[in-house]
Amino acid sequence: MNPDAPSVEEKLTVDECYVISKEDWFEPIFCKPKLIPLKTVKMREIEKRRNENMERVKAIETASTSEQKNPEVVPKEPKPEKPRNPEELKKQNELNKIDLWIADEDPARRK
Amino acid sequence: MSGESVIEFTGFIKACRLFRENRLAEAEAVCTNLLRKNPLDQATWALKMQCLSDSTYVDELENEDMGLAETFLDQNVIAPNARPGTSFARPKTSAKGVNPILRPTTNAGRPLSGVVRPQSSFKSGSMDQAVRTARTAKTARAVSSTSARNMRLGTASMAAGADGEFVNLARLNIDKYAADPQVNRQLFEYVFYYLNDIRVAHQIAGTASKAAGFEDYYWKNQLAKCYLRLGMLQDATKQLQSSLEQKKLIETFALLSKAYNRVDQPMAALKTYSAGLEVFPENVTMLTGMARVQEALGEYDESVKLYKRVLDAESNNIEAIACVATTYYYGGKPELAMRYYRRILQMGVSSPELFLNIGLCCMAAQQFDFALSSILRAQSTMTDDVAADVWYNIGQILVDIGDLVSAARSFRIALSHDPDHSESLVNLGILKHREGKIDEARSLYSSATSKNPYMFEGNYNLGLVSFTQGKYHECRELIEKALAAFPEHEHCKKILNHLKPLYESI
C-alpha cells in the first residue's frame, strides 16, 4: 500500500532454473513434423498443362531424332544375311546396340 | 417414332453452340471444316482462334513463375535496404515470436504456408547454389528464364495441331487486324495464350489501344499483362493505374498489386487491395491477395483474420482453410487444425498431402488409431513429389513412438526419394549421434546445412558437435548462423557466452 515501495519483478534465466544435470543443453534439436502444403485447383491445372506441354516438346525431340536415324537403317538390312556363325552374330548385335555415330542427348537412352 | 423430327445444327451455328458448351475440340474441328470451304470467313476464323486460346488459357493472377533470371538478375526492387516489415526480403520474424523450431521453414528460409504457390518453388541463397544443385532423374532442370519457357510453350502449342501453324504471323497484316474491333481481341488472346509470342501480342495491344483512342480499359489491361510478362513493371503500373481511372475491375486491382509485389513493395500492394475492397466489399480475390502479402511479411495474425473473412464470404475456399489450419497446428491447437482439414476432406478433395496432414493433427491430438490409418492411406496413395515429405513425417512419428530403428529406415527412404531433404538429414544425424557415431552425424549435419543454409536445427546441431569436439572457431560461426535464423534461442546465447572468454583472452 505504500506508494514509495519498489516494485518487485520476477525474472528467470536458464542458469537459475532447476535442471537435472548441467548438460541438458547438449542435446541436439530434432526437426519437427512438417505439414505438406496443399495444392489448389488452379495450381493443379497449371501443373497439368505444363506437364502436357513438356511431354509434347519431348515427343517433338524424339520424333526429330528418330527421323535422323531412319535413313541409316536401310543400308543395314542386307548385312544380317551374310554372317552365319553365332559368334559373328553376337558381335554385330553388340555393334548395333552402341551407335557410335549418333550422340544420344537423352539421358534415359544411356541408361 | 418415325414421325418425330430431330433438330441438327450445321455450320457456324453448330460451332457456336459447341463453343458455348465448352466443347472446344469439337468446335475447333467444325471451324476447320468451314475454313476449308471458305478461307475468307472472318467469323469462323475468330471463333477458331478463341477455341485454341481457351484450351491453353492460364490465369494471369496465378501464373507467377520465377526462374533463375527473375530471381537473381532482378533489378526491379526499388528499396534494397528496406526497413523490416516493409519488404518481403526482410519480414518481421522475431518480433512476432515465430519460432523456427516449432514452425518449419522452406528451403528459401521462409515459414511454411498452407498451400503451394508458384513463387515458393524456387530456392533462394545464391545463384551459384541454385546452378550447382544436383540434377537427379526426378528433379527437373531449373527454369532459366520465364521468357524462354514461354517460347517453349508456344512451340508445344503449335506442334499439337496437325495442320501446323494456324496463323502465319510473319505474313499477317497485324496493323490491319489489330485495329478491327471484330477480331482483334481473339487475335490478341490467340497470340498471347496459345503462341506465347509476347512481342507480337504487345504490338497488337498497342495498335488496338491506339485505334480505340486510348480510352479502352480492356486494352490497357492487356498491355499491362504484356509488360508484366516482359518484365517492364513500371510501364505495367502506369497502364493499370490509367485503366483504374476509367473503370474499376477486380482484375485490374489484382494485377496492380501483383506488379507492386514484383518490385518488392508490399505496402503499396496492400493499399491497392484496400482500395479494391472499398469498391468491391468482401471480394475473395482482394482478401486472398491481402492475406498472402501479410503471410509473406510474417504477419500471421493479420493473415488468419483475412483468411477467416474469406471463409465468411466463400466457405469452400481450400487455400483459406489450409492456411488457417496450418497456423492453428503450429500455434499449438491441433484439434482445430484437424477440424479444418476434415472440412477439406468433406468437400471431396482426396490427396496424400491431406491425409498426411490429418494424420499429423491426430497424432498431435493423441488420437493414435485414426492417425496411423490416415498415415497409412497417405503412404499408399503418395506421389513422387511428396514421397520424401511423407516418409520424413513417418520417421518423425516413429521417433515419437520410440521405434528408432524403423525411424532411421524411414529417413533413409525419404533421402532416397529426395537427396536434398535437409530435415531427414538432420534427424538421421541425431539418431546417429545418439548411437555414438559422431563422425557420421557430423557429415549428415554438414550435408544438411549445405543443402539448406537457413535451417536452424542443422546449424545448431553441427555447432554443438563442434563444441563438444573442441573446434571452437567453427562452433562460433555455426552458432552465429543459428542465431541469425532464431535470434531468441537461449541455448545458443549460452554457448556463445562459454566461447567468449576464449576470444577475449587472445
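Note down the relative contact order for region B:11-55 as a percent, whole number, built from C-alpha pairs under 8 angstrom at least six residues apart.
Relative contact order of region B:11-55: 40 percent.
Taking the full set of protein chains and a 1.4 angstrom probe, give the accessible area of B:ASP59 in square angstrom, rounded to the nearest 10.
Accessible area, nearest 10 Å²: 50 Å².
How long are the semi-axes of the equivalent ellipsoid of region B:194-319, defined as square roots of 5 times the Cα gyration tensor eigenvalues? Whole Å, largest first.
Ellipsoid half-lengths, sorted descending, are 29, 15, 13 Å.
For the pairs A:LYS42/B:LYS14; B:LYS471/B:LYS500; B:LYS451/B:LYS494; B:LYS437/B:LYS471; B:LYS248/B:LYS271, note any where the Cα-Cα span goes beyond 19 Å.
A:LYS42/B:LYS14; B:LYS451/B:LYS494
Quick one: grab Rg to one decimal and Dmax as a whole number for region B:11-55, Cα atoms only, in Å.
According to the Cα coordinates of region B:11-55, Rg and Dmax are 9.1, 26 Å.
Set Lys and Arg Cβ to +1 and Asp and Glu Cβ to -1, take the dipole of region B:279-417 about its Cα centre, and tell me which of B:CYS323, B:VAL279, B:LEU398 lies farthest positive.
After comparing all options, I get B:LEU398.
Take every Cα pair under 8 Å in region B:243-357 that's 6+ residues apart, average their separations, divide by the length, and report that relative contact order as a whole percent.
It comes to 15 percent, rounded to a whole number.
Check B:VAL115: other-chain or 5+ apart residues with amide H under 5 Å from its amide H, H built from backbone geometry?
A:LEU38
For region B:391-399, in order, what is each residue's ³J(HN,Hα) by Karplus, 6.51 cos²θ - 1.76 cosθ + 1.60 with θ = phi - 60°, in whole Hz (x at glycine and Pro)?
Karplus-based 3J(HN,Hα) across region B:391-399 equals 5, 4, 5, 5, x, 4, 5, 5, 5 Hz.
How much space per residue, in cubic angstrom, does the convex hull of the C-alpha atoms of region B:349-430 take up?
Values: hull volume 6.9 nm³, N = 82.
Residue-normalised Cα hull volume stands at 84 Å³.
Ignoring everything but the protein chains, give the 1.4 Å probe accessible area of B:TYR177 in square angstrom, nearest 10.
40
Among B:TYR392, B:TYR329, B:TYR340, what's the order by accessible area (1.4 angstrom probe), most exposed first?
Working: B:TYR392 0, B:TYR329 30, B:TYR340 55 Å².
So the residues, ranked largest to smallest area, are B:TYR340, B:TYR329, B:TYR392.
The values are calculated or read from the model by the stated rules, or taken from the named source; none is laboratory data. Computed from a predicted structure; not experimentally measured. Note that we place each Cβ from the backbone using ideal geometry, even for glycine, and neighbour counts take in every protein chain shown. Please note that ligands, DNA and RNA were not included when accessible areas were found on the heavy atoms of the full protein model with its side chains. Shrake-Rupley method; radii C 1.70, N 1.55, O 1.52, S 1.80 Å.
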